Every structure is written in structure tokens, then in C-alpha cells.
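K.L.:
One structure, as C-alpha cells, below. Some questions next.
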Amino acid sequence: MRWEDFADLLACPETLEPLEFDAESARLRSPSGRAYEIRGGVPILLTDADRREFDQILAAQGRSMAQEYAAEPPPAPATPEAPGEYFPPMVLPQGLIDEAYARKGDKTRVLSVGGGPTRNSPREINLNMAPFREVDAVGNATRLPFRSNSVDAIWCNAVLEHVAGAPEAVKEMVRVVEPGGRVICLVPFMQPVHAYPLDFQRYTADGLAYLMRDLRILAKGQAVGPSYAMWELLTRYLNGPGMVCVPRWIRGIVRRTLLPALRRSAAAKSDWTGNPEHEVLASVVYCIGEKE
Ligand SMILES: C[S@@+](CC[C@H](N)C(=O)[O-])C[C@H]1O[C@@H](n2cnc3c(N)ncnc32)[C@H](O)[C@@H]1O
């Protein structure tokens, strides 16, 4: 989304004062004199401290993420049987999400915290720590540069595990969403460590709901089940150099038999039987809350 289409929602990340565009300097300015540049159409709404910290992380541990985001994404496999990176369809209460994204029809603005380099909907404002592909505003999830009670809904997929201050990030989402608006969060539970740009923690669905406890919880549970979790963990275990402690012939059997079966099972959503046992090993969990 173009920044002009959400300029009325923006706030200074330090003072939360509203920001106004100053045509003379081509910057966004707060009444107390703080100024933020707009780089290539993307407002950079970071405090000096956050800018320094993010620059440092992206030059060190986050370098591979920045390189991946700068490259063209590899095509997703056409079928579950095709080789390559695979992520199965997620199962979510889509009606609750569709309502949140349709709150004001075509005028609905959904803040995607940690959004990009992909875009799910033209109604999303993708906020990320740097101006990667498809990022509309640069900011810190723990200091959202948005006015209180301003956005219609919030989407936050696979981000809270990467934020050391995840409770602060959720508090910020609660501050920024309008009363009656929904916050939709998804986090991994049974997944390998993945540094985007760092990786701090995992949550169960109950743990995530606890983080979101200032909202009325509408739904929570598993979004991706244990078949995918086991496929991903076993694949990583078998391919991880120096990680495998089982004989080669057993690895061969697992690769030829169990792994394809798990991948097909994940694609067929075989884990969605309503059995609460499945959540015990879920790959991804979700929680949806509404601000009262
Ligand atoms: C695993 S990726 C998920 C990206 C996207 N939400 C998706 O579903 O494809 C995690 C993202 O969170 C972003 N991120 C991590 N810490 C952040 C922070 N403090 N503020 C804003 N974005 C952050 C990273 O730059 C990265 O793009």
C-alpha cells in the first residue's frame, strides 16, 4: 500500500504524536520537531536507537535473511510430491479472518506486523524492520509508529518468535487496533530454530492466548499439524551435517517411506480431526482476539 494511503494513521515512534508530511523537506514531522525520511516511497519510522540496533543485526546474524529477501523467491513445489521447500496449507477459522479484513470494505486497512517480502492482501500495510521487498513502512514491532485505536485489524504471522520483547509487541498491537478490530497472530511451536533475523522463543496456543489476554479471545489452536512438524524436524535431522546418529541404511528407509508419507499427510490436512492430541505436536499455532 502507498504510504499516502495510510499517512493519517502514522505516529512518531518516540512520542506517539501524529506525523504530518512536510513538503519542503519531504519528511514526516511530529509537532515536537522529530523528522522521518521517506526512502523510495517507504517511511522509515525508527528511533535512532532502533535504527542502530537493526543495522547491526542485519549486518551480522541477519545477513542471510537480508540476502534471501533481496533475491527472487524460489518457486513453490507444484505438488506435495515435487522436491523443494514445502509448506502445507494452514487451517484457520477463515470466517473470523475474512470479517476482520472486510471491516470497512475496500477501505479496510490491516497492519501486517513483520509483513513482507510477500503480500497476502492489498488491504495490508506491511511493516518490517528494513525496507525489504513489499514493505510499506519501516518500524519496530515493539514501538509501532501508528496512532492508538487506528488500524482496522492486525495480522502477525511468524514474527513474535523473532522479537525478544514479544509481550511488548503484542501490547503495541492492542494499543494500535481499533475497538472491535481483531488481532490475528500465528507462531511456530514445533519448528527448528530459524533466524529471521534472530529466533528467541516458541509458544503453545495457550501461551499465545496469554500474551493476547487483553483482547477477547475468539479462537485459538493449531494451524499446521504434527505431520508437517515431524516431516520438517526429521528432514532437518537427516540432512543436518554432524547431527545424525543413526545408521545410513535406516536413514535411507526413513527418507523413502516415512518422509513422503508425512508430507502427503500434511498436504491432505490429515491432522485436522479435532483431536486435541494433535496440538501437542503442532507445527504452527494461532490465536485471534478482538479489542473490546
Ligand atoms: C519468519 S519472517 C515472517 C515474514 C512474514 N510475516 C511472512 O509471513 O512471510 C519474520 C519477519 O519478522 C521481521 N521482524 C523481526 N523482528 C522485527 C521487529 N522487531 N520489528 C519488525 N519486524 C521484525 C523480520 O524482518 C522478518 O521479515
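The values are calculated or read from the model by the stated rules, or taken from the named source; none is laboratory data. Because the structure is a prediction, the values reported are computed rather than measured. Positions of Cβ are backbone-derived with ideal geometry, glycine not excepted, and every protein chain shown enters the neighbour counts. Accessible surface is based on the protein model in full, side chains and every heavy atom, while ligands, DNA and RNA are left aside. Shrake-Rupley method; radii C 1.70, N 1.55, O 1.52, S 1.80 Å.
K.L.:
Give the number of residues within the stretch 13-36 that are open to solvent by less than 70 Å² (accessible area, probe 1.4 Å) and in contact with a Phe, Trp or Tyr (Cβ under 8 Å, 6 or more places away or on another chain).
P.N.:
Initially, the stretch 13-36 is screened for residues open to solvent by less than 70 Å² (accessible area, probe 1.4 Å), giving 13, 15, 17-19, 22, 25-26, 28, 30, 32-33, 35-36.
Keeping just the survivors that are in contact with a Phe, Trp or Tyr (Cβ under 8 Å, 6 or more places away or on another chain) gives 19, 28.
The number of residues fulfilling the criteria is 2.
K.L.:
Take the conditions of a type in the set (A, V, I, L, M, F, W, C) and under 13 Å from the mean Cα position of the chain (by Cα) and apply them to V135. Does it pass? Please lay out each step first, then the result.
P.N.:
Details: of a type in the set (A, V, I, L, M, F, W, C): yes; under 13 Å from the mean Cα position of the chain (by Cα): yes.
Considered against the rule, which asks whether it is of a type in the set (A, V, I, L, M, F, W, C) and under 13 Å from the mean Cα position of the chain (by Cα), V135 comes out as yes.
K.L.:
Look through E279, E232 and report the one residue that is of a type outside the set (A, V, I, L, M, F, W, C), more than 30 Å from A60 (Cβ to Cβ) and open to solvent by 30 Å² or more (accessible area, probe 1.4 Å).
P.N.:
Being of a type outside the set (A, V, I, L, M, F, W, C), more than 30 Å from A60 (Cβ to Cβ) and open to solvent by 30 Å² or more (accessible area, probe 1.4 Å) holds for just one of E279, E232, which is E279.
K.L.:
Can you name every residue in the stretch 235-266 that is in contact with a helix residue (DSSP H, G or I) (Cβ under 8 Å, 6 or more places away or on another chain) and within 14 Å of Y86 (Cα to Cα)?
P.N.:
Selection gives T235, L259, L262, R263, S265, A266.
K.L.:
Here's a follow-up. Keeping to the stretch 140-154, report how many residues are of a type in the set (A, V, I, L, M, F, W, C), part of a loop (DSSP other than H, G, I, E, B) and more than 7 Å from the ligand (Cβ to nearest atom).
P.N.:
First, the residues of the stretch 140-154 that are of a type in the set (A, V, I, L, M, F, W, C): 141, 144, 146, 151, 153-154.
Narrowing further to those that are part of a loop (DSSP other than H, G, I, E, B): 141, 144.
Those still in the list that are more than 7 Å from the ligand (Cβ to nearest atom) too: 144.
The total comes to 1.
K.L.:
Here's a follow-up. Answer with yes or no whether G95 is over 17 Å from Y36 (Cβ atoms), within 11 Å of the ligand (Cβ to nearest atom) and open to solvent by 10 Å² or more (accessible area, probe 1.4 Å).
P.N.:
no
K.L.:
Now for a different question. Can you tell me which residues in the stretch 127-147 are touching a Lys or Arg at 6+ places or on another chain (Cβ under 8 Å) and either acidic (D, E) or free of Cβ contacts under 8 Å to residues at least 60 places away in the same chain (or both)?
P.N.:
E134, D136
K.L.:
Here's a follow-up. What are the residues in the stretch 193-216 that are out of contact with any Leu (no Cβ under 9 Å at 6 or more places or on another chain), more than 21 Å from H278 (Cα to Cα) and surrounded by 15 or more Cβ atoms within 10 Å (Cβ to Cβ), if any?
P.N.:
Y196, L198, D199, M212, L215
K.L.:
Does L9 satisfy the criteria of being under 18 Å from L144 (Cα atoms), in contact with a helix residue (DSSP H, G or I) (Cβ under 8 Å, 6 or more places away or on another chain) and open to solvent by less than 80 Å² (accessible area, probe 1.4 Å)?
P.N.:
Numbers: under 18 Å from L144 (Cα atoms): yes; in contact with a helix residue (DSSP H, G or I) (Cβ under 8 Å, 6 or more places away or on another chain): no; open to solvent by less than 80 Å² (accessible area, probe 1.4 Å): yes.
Taking the combined requirement at face value, the residue does not satisfy it.
K.L.:
Something else now. From A70, A11, which residue is among the aliphatic types (A, V, I, L, M) and at pLDDT below 95? Explain how you work it out, then say what you get.
P.N.:
On the way: A11 fails: at pLDDT below 95.
Step by step, each of A70, A11 is checked, and only A70 is among the aliphatic types (A, V, I, L, M) and at pLDDT below 95.
K.L.:
Name the residue that is most open to solvent (accessible area, probe 1.4 Å), counting only residues in the stretch 63-85 that are within 30 Å of S270 (Cα to Cα) and within 15 Å of the ligand (Cβ to nearest atom).
P.N.:
Start the filter on the stretch 63-85 by keeping residues that are within 30 Å of S270 (Cα to Cα), which leaves 73-85.
Adding the requirement that they be within 15 Å of the ligand (Cβ to nearest atom) leaves 73-74, 76, 85.
Values: P73: 79, P74: 103, A76: 87, E85: 154 Å².
Per the stated criteria, the residue is E85.
K.L.:
OK, next. Checking T118 against (1) part of a loop (DSSP other than H, G, I, E, B); (2) touching a Ser or Thr at 6+ places or on another chain (Cβ under 9 Å); (3) β-branched (V, I, T); (4) within 16 Å of the ligand (Cβ to nearest atom), which test does it fail?
P.N.:
Going through the list (1) part of a loop (DSSP other than H, G, I, E, B); (2) touching a Ser or Thr at 6+ places or on another chain (Cβ under 9 Å); (3) β-branched (V, I, T); (4) within 16 Å of the ligand (Cβ to nearest atom), T118 breaks only (2).
K.L.:
Something else about it: Based on what the data block shows, is A137 small (G, A, S) and near the ligand (Cβ under 8 Å from one of its atoms)? Outline the logic, then answer.
P.N.:
Numbers: small (G, A, S): yes; near the ligand (Cβ under 8 Å from one of its atoms): no.
Taking the combined requirement at face value, the residue does not satisfy it.
K.L.:
On the phi < 0 side of the Ramachandran plot, within 28 Å of the chain's Cα centre (by Cα) and open to solvent by 50 Å² or more (accessible area, probe 1.4 Å): does that describe T273? Full working, then the answer.
P.N.:
Details: on the phi < 0 side of the Ramachandran plot: yes; within 28 Å of the chain's Cα centre (by Cα): yes; open to solvent by 50 Å² or more (accessible area, probe 1.4 Å): yes.
So T273 passes the test.
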